[in-house]
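Q: Please see the structure below; I have some questions.
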Amino acid sequence: MNKTMATTINLTLKVWRQKDRNTPGRFEIYCADHIDTDMSFLEMLDVVNEKLIKEGKEPIAFDHDCREGICGLCGAMVNGQAHGPLRDTTLCQLHMRHFQNNATLVIEPWRSRAFPVIKDLVVDRSAFDRIAMAGGFISIKTGSAPEAHTLLVSKSKSDMAMDAAACIACAACVAACPNGSAMLYTAAKAGHLNLLPQGQPEKDQRTLSLVQQMDREGFGHCSNIYECEAACPKGISVTNITRLNRDYFLASRSREQKV
Amino acid sequence: MPLNSKVPEGPLPEKWTRHRLHLKLVNPANKRKFTILVVGTGLAGSSAAASLSELGYQVKVFCIQDSPRRAHSIAAQGGINAAKNYPNDGDSVERLFYDTIKGGDFRSREANVYRLAEVSNSIIDQCVAQGVPFAREYSGYLDNRSFGGAQVSRTFYARGQTGQQLLLGAYHALMKEAAKKTLELFPRREMLDLVVIDKAARGIIVRNLMTGQLESYAGDAVVLATGGYGNVFYLSTNAKACNVTAIWRAHKRGAFFANPCFTQIHPTCIPVHGDYQSKLTLMSESLRNDGRVWIPKNKGDHRPPAEIPESDRDYFLERKYPSFGNLVPRDIASRNAKEQCDKGKGVGTTGLAVYLDFADAIKRVGASVMEEKYGNLFAMYEKITGADPYQVPMMIYPAVHYTMGGLWVDYNLMSNLSGLFVIGEANFSDHGANRLGASALMQGLADGYFILPCTIGDYLAGISPGAFSPTHLEFKACENEARERLSKLLSIKGKRTVDEIHRQLGMLLWDKCGMTRHERRLNEALQKIPQIREEFWNNVNVVGTNEELNQSLEKAGRVADYLEFAEILVKDALHRTESAGGHFREECQTAEGEARRDDEHFSYVAAWEYRGAGQAEELHREPLEFEFAKPSARSYQ
């Protein structure tokens, strides 16, 4: 494909390389030259990797799949910021036009006790699945649903649930949090289901189970720093955290009353 | 071998109901004795696995990503069709059926498509009950919008993230079952082979992508829900890990591959911008509800779009197809965009783009209503291109998106191999030669929630559970074959990267077997593919070892399979000397340049049988019979 006016920049990358979970990692320095500013961040890494392979060296391992900001697989710290400098943007949707020529980029995996490094920038986020397994669902069996319009949902409630459900479980919130807390992810999961009328019967149990599992996984506590919201590529609001705290309080109280 | 589609007798609207009555059942207490392996966790795989576990079967679920929620269904934007007729605009099961079969250019099985339309309403009920936050009106009722190929509003949506929300619904159902321990999850596993013993699927070989270890799993039935093969073209709207390997391996073990040449090119994608491009991004078809497609009337008109007056614009879809306008089906919209660009009227730096303009809609309803409907799509467009679609028209161009072809299945969704079920995009069954927008989500969930859970019992009721274990010799043999192949890939140590060769194959296919096809170019492709394959096996460089996370090795295995599969894709396109849906043969068009179908000779499903390395594949034909929807010329004018 011919392009008339390609703008290119040269970058220095300091990338975290780690063979596996048990081997200590270190930073390696790579030159990324003639990077077209229309490239995405991951395409820039592709170019660096192609060069490494040509030199017979191991490419940088990083998780990625859809490359359109929805699967939630990609993510890395870029100069200390989860998913890089642009707000509301996953790493795959970050384009190189947002970087200066001759800049140095420090690229690290998500850092959290609950997310062991598998290799280089790839981490194990299975803790998120286990949180979902603890109660991130509405127990409806296939086939038993009533006609959809027997249940009305106010537009505002539905929109708020959708705002929470937009979470892609990338874990940038955990990576950005100084405490390594998974509160925003957990609150988004709870918020989505607790806001809807369909979610009411299991609301208390869901809330307690989600929080209990989150604590078990070794995430830190939330101390309302709100770095999570700033780092979230989907703009999930910390209002969800407030709501989860409230739901948790109510659920705990109702459990105490039952006891 | 004659293909038995097992379509039940009786009038079309009664077939599914009658069939269910005749299916054998497995006693509830016996269900737990059966193990079902489900590969893939998109809409079809997740919904099937969860529903089967609810029924009481032991289910093992495998996915390539770190979590089942990442499967590429998550990227579907626009919506899901159903025949609810909430808008009271004349919709019905019959109309959804007819639109879908006509949209598929009369190359799908009538009974399957009817059943799809029939269960569509239950899907919406199911999803609402799961908490899928579909768009609603202020009254609290569900909202609908229109999509290509239909004149009614039957598409349910959740902003521009319908696939994500439906997949989360299915993922939640999956997690609910996983918590109960009847369902076991195996993430970061890639299926490398199907184990067939006595002509029946008995298990799979997977590679643990974290450790490189090969693992064998035995099951009483195997369900493949591994998606389509669009990435054979290298550039497509598919996620990077989408691949043909699972279904190709199954094909090499005996499963027939049907209609591989039916590939869908989506008209509204962000144009290619450079050689380094790793994938293409789709802009939802729903945008064509409010966006108008146009190009400058005169070749070489390089004025900025805002400076081109109405009189110098050609709204070519509205001009050529007045009754459907911008909402013609995908294949027609794509071909017309290509045709205009081939005439030199394309826009943008490459000339390979047309405008999709929202100025009129913004004027009509205001920017805030547009933001409500399409906000995330507009934002995504701006992120990628740096241009703001509220101010300037989008530039779009067609890209490979979906593959209608796939493994051949009968009415029960079972392949010609006993015990091998194929659902979702991985099978061929419901979309014929072209899929309508918002029908992929419908089919994935129909197969997974409502069809497979009924039909699989009929097979299981006839076999005894747990007949084979992974210690069987055939498992060991398959495992060894997979291991040898991996070692071979690692031992070549040539000069070219996997991606380079994949790109080369992709460009060849896009050029020779893409939006339009011609005998001469298809033959050229058939000459070239074996050369690229040889180059791959002699000169590829896969670094690292097997016993670790090795993304180069993963890609290499997939590209090796594309290099074999590409040949049957092209051969199928070559043999089908008619134009149907996404398959447009330049030799077969009307004087007006529209597709010319040949019902007399090609009203059949082409099912290809693998006959061994170096042997020509054998073609089996399943004739298509239409009792209800009489094939007509597919006019959208």
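Q: Please give the number of the condition B:K493 fails out of (1) on the phi < 0 side of the Ramachandran plot; (2) within 14 Å of another protein chain (Cβ to nearest Cβ).
A: (1)
Q: Among what's in the stretch B:84-134 and is basic (K, R) and under 19 Å from B:F324 (Cα atoms), pick the residue that is modelled with the lowest pLDDT.
A: Going through the qualifying residues, I end up with B:K102.
Every residue, every condition in (1) outside the structural domain of B:G346 (by TED's automatic domain parsing); (2) under 27 Å from B:T162 (Cβ atoms); (3) surrounded by fewer than 19 Cβ atoms within 10 Å (Cβ to Cβ), yes or no:
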site	(1), (2), (3)
B:M283	no, yes, no
B:S286	no, yes, no
B:D290	no, yes, no
B:V293	no, yes, no
B:P305	no, no, yes
B:I308	no, no, no
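Q: State which residue is nearest to the other protein chains (Cβ to nearest Cβ) when the search covers only the stretch B:231-269 and only residues that are out of contact with any helix residue (DSSP H, G or I) (no Cβ under 9 Å at 6 or more places or on another chain) and surrounded by fewer than 24 Cβ atoms within 10 Å (Cβ to Cβ).
A: Filtering the stretch B:231-269 for residues that are out of contact with any helix residue (DSSP H, G or I) (no Cβ under 9 Å at 6 or more places or on another chain) and surrounded by fewer than 24 Cβ atoms within 10 Å (Cβ to Cβ), the one nearest to the other protein chains (Cβ to nearest Cβ) comes out as B:C269.
Q: Taking the condition of being more than 10 Å from chain B (Cβ to nearest Cβ) and part of a helix (DSSP H, G or I), how many residues in the stretch A:188-203 meet it?
A: Number satisfying all stated conditions: 4.
Q: Right, something else. Residue under question is B:A75, and the condition is that it be out of contact with any Pro (no Cβ under 9 Å at 6 or more places or on another chain), surrounded by 19 or more Cβ atoms within 10 Å (Cβ to Cβ) and in the same structural domain as B:G219 (by TED's automatic domain parsing); does it hold?
A: Yes.
Q: Only one residue in A:E50, A:E58, A:E28, A:E43 is among the charged types (D, E, K, R) and assigned to a loop (DSSP other than H, G, I, E, B). Which one?
A: A:E58
Q: Mind checking which strands (runs of 3 or more DSSP E) fall wholly inside the stretch B:157-270 and carry at least 1 residues that are closer than 25 Å to B:P329 by Cβ and modelled with pLDDT of 95 or more?
A: B:263-269
Q: A further question follows. Quick check on my filter: what residues within the stretch B:424-454 are within 14 Å of another protein chain (Cβ to nearest Cβ) and over 16 Å from B:Q164 (Cα atoms)?
A: Hits for the stretch B:424-454 are B:A446, B:D447, B:G448, B:Y449, B:F450, B:I451, B:L452, B:P453, B:C454.
Q: Step by step: first the residues of the stretch A:141-162, then only those that are within 7 Å of chain B (Cβ to nearest Cβ) and part of a helix (DSSP H, G or I), then the one that is surrounded by the fewest Cβ atoms within 10 Å (Cβ to Cβ). Which residue is that?
A: Going through the qualifying residues, I end up with A:H149.
Q: Could you list all residues from the stretch B:327-367 that are at negative phi and within 14 Å of chain A (Cβ to nearest Cβ)?
A: Residues of the stretch B:327-367 that are at negative phi, as a first pass: B:327-343, B:345-347, B:349-350, B:352-365, B:367.
Residues satisfying the conditions are B:C341, B:G346, B:V347, B:T349, B:T350, B:L352, B:A353.
Q: Cβ-Cβ under 6 Å, sequence separation 6+ or interchain: first residue in the stretch B:624-637 and under 14 Å from B:E110 (Cα atoms) and aliphatic (A, V, I, L, M), partner outside any loop (DSSP other than H, G, I, E, B) and modelled with pLDDT of 90 or more. Which pairs?
A: B:L624/B:Y604; B:A629/B:Y98; B:A629/B:I101
Q: Return the residues of the stretch B:516-531 that are surrounded by fewer than 19 Cβ atoms within 10 Å (Cβ to Cβ) and either among the aliphatic types (A, V, I, L, M) or farther than 20 Å from B:C261 by Cα (or both); say none if nothing qualifies.
A: B:L526, B:Q531
Q: Quick one: is B:S120 crowded, with 21+ Cβ neighbours inside 10 Å, of a type in the set (S, T, Y) and assigned to a helix (DSSP H, G or I)?
A: On the way: crowded, with 21+ Cβ neighbours inside 10 Å: yes; of a type in the set (S, T, Y): yes; assigned to a helix (DSSP H, G or I): yes.
Yes.
Q: Can I ask one more? Is it fair to say A:I168 is within 11 Å of chain B (Cβ to nearest Cβ), buried (at least 23 other Cβ atoms within 10 Å of the Cβ) and either assigned to a loop (DSSP other than H, G, I, E, B) or among the small types (G, A, S) (or both)?
A: Considered against the rule, which asks whether it is within 11 Å of chain B (Cβ to nearest Cβ), buried (at least 23 other Cβ atoms within 10 Å of the Cβ) and either assigned to a loop (DSSP other than H, G, I, E, B) or among the small types (G, A, S) (or both), A:I168 comes out as yes.
Q: Output the residues belonging to the stretch B:304-360 that are acidic (D, E) and under 21 Å from B:R596 (Cβ atoms).
A: Matches in the stretch B:304-360: B:D331, B:E339, B:D342.
Q: In addition: All but one of (1) within 14 Å of chain A (Cβ to nearest Cβ); (2) under 21 Å from B:H502 (Cα atoms); (3) out of contact with any Lys or Arg (no Cβ under 7 Å at 6 or more places or on another chain); (4) not charged (D, E, K, R) hold for B:G212; state the number of the condition that does not hold.
A: It fails just one condition, (2).
Q: Among the candidates B:D66, B:D91, which residue alone is acidic (D, E) and under 30 Å from A:F128 (Cβ atoms)?
A: Every option except B:D66 fails the conditions.
Q: Cβ-Cβ distance below 7 Å, separation of 6 or more or different chains: which pairs start in the stretch B:467-488 with a residue that is at negative phi and surrounded by 17 or more Cβ atoms within 10 Å (Cβ to Cβ) and end on one that is of a type in the set (D, E) and at pLDDT 95 or above?
A: Short answer, once both residue conditions are applied: B:C478/B:D193; B:A482/B:D193.
Q: Tell me, yes or no, whether the stretch B:536-557 has at least one residue that is among the acidic types (D, E), in contact (Cβ under 8 Å) with a residue 60 or more places away in the chain, closer than 26 Å to B:S216 by Cβ and touching a Ser or Thr at 6+ places or on another chain (Cβ under 7 Å).
A: yes
Q: While we're looking at this one, here's another question. Check B:E215 against each of (1) touching a residue at least 60 places away in the same chain (Cβ under 8 Å); (2) farther than 27 Å from B:G79 by Cβ and name the one condition it does not meet.
A: The one condition B:E215 does not meet is (1).
Q: Yes or no: the stretch A:37-52 includes at least one residue that is of a type in the set (K, R), more than 7 Å from chain B (Cβ to nearest Cβ) and within 23 Å of B:R496 (Cα to Cα).
A: Yes, the stretch A:37-52 has at least one match.
Q: Something else now. Inside the stretch B:152-198, can you point out the residues that are small (G, A, S), over 18 Å from B:Y57 (Cα atoms) and within 13 Å of chain A (Cβ to nearest Cβ)?
A: B:A158, B:G160, B:G163, B:G169
Q: Checking the conditions here, which among A:I138, A:I131 is in a loop (DSSP other than H, G, I, E, B), within 11 Å of chain B (Cβ to nearest Cβ), farther than 24 Å from A:E28 by Cβ and in contact (Cβ under 8 Å) with a residue 40 or more places away in the chain?
A: The match here is A:I138.
Q: If you take the residues of the stretch B:369-411 that are closer than 30 Å to B:W608 by Cβ and within 13 Å of another protein chain (Cβ to nearest Cβ), which of them is surrounded by the most Cβ atoms within 10 Å (Cβ to Cβ)?
A: Narrowing the stretch B:369-411 to residues closer than 30 Å to B:W608 by Cβ: B:398-411.
Then drop every residue that is not within 13 Å of another protein chain (Cβ to nearest Cβ), which leaves B:399, B:401.
Details: B:A399: 28, B:H401: 25.
Among them, the one singled out is B:A399.
Q: Now for a different question. Could you grab me the full set of residues in the stretch A:1-22 that are more than 10 Å from chain B (Cβ to nearest Cβ) and either at pLDDT below 95 or over 22 Å from A:I35 (Cα atoms) (or both)?
A: Within the stretch A:1-22, the subset more than 10 Å from chain B (Cβ to nearest Cβ) is A:7-18, A:22.
Within the stretch A:1-22, A:T7, A:Q18, A:N22 meet the criteria.
Q: Just give me the residues in the stretch B:410-447 being of a type in the set (S, T, N, Q) and either in a loop (DSSP other than H, G, I, E, B) or within 30 Å of B:T268 (Cβ to Cβ) (or both), in sequence order.
A: Within the stretch B:410-447, B:N412, B:S415, B:N416, B:N427, B:S429, B:N434, B:S439, B:Q443 qualify.
Matching residues to (1) more than 30 Å from B:W510 (Cα to Cα); (2) surrounded by fewer than 20 Cβ atoms within 10 Å (Cβ to Cβ); (3) assigned by TED's automatic domain parsing to the domain that holds B:G444:
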site	(1), (2), (3)
B:H172	yes, no, yes
B:E190	no, no, yes
B:M210	yes, yes, yes
B:G219	yes, no, yes
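The values are calculated or read from the model by the stated rules, or taken from the named source; none is laboratory data. In this text the structure is predicted, and so the values were computed from the model without any measurement. Glycine gets a Cβ as well: all are built from the backbone with ideal geometry, and neighbour counts include every protein chain shown.
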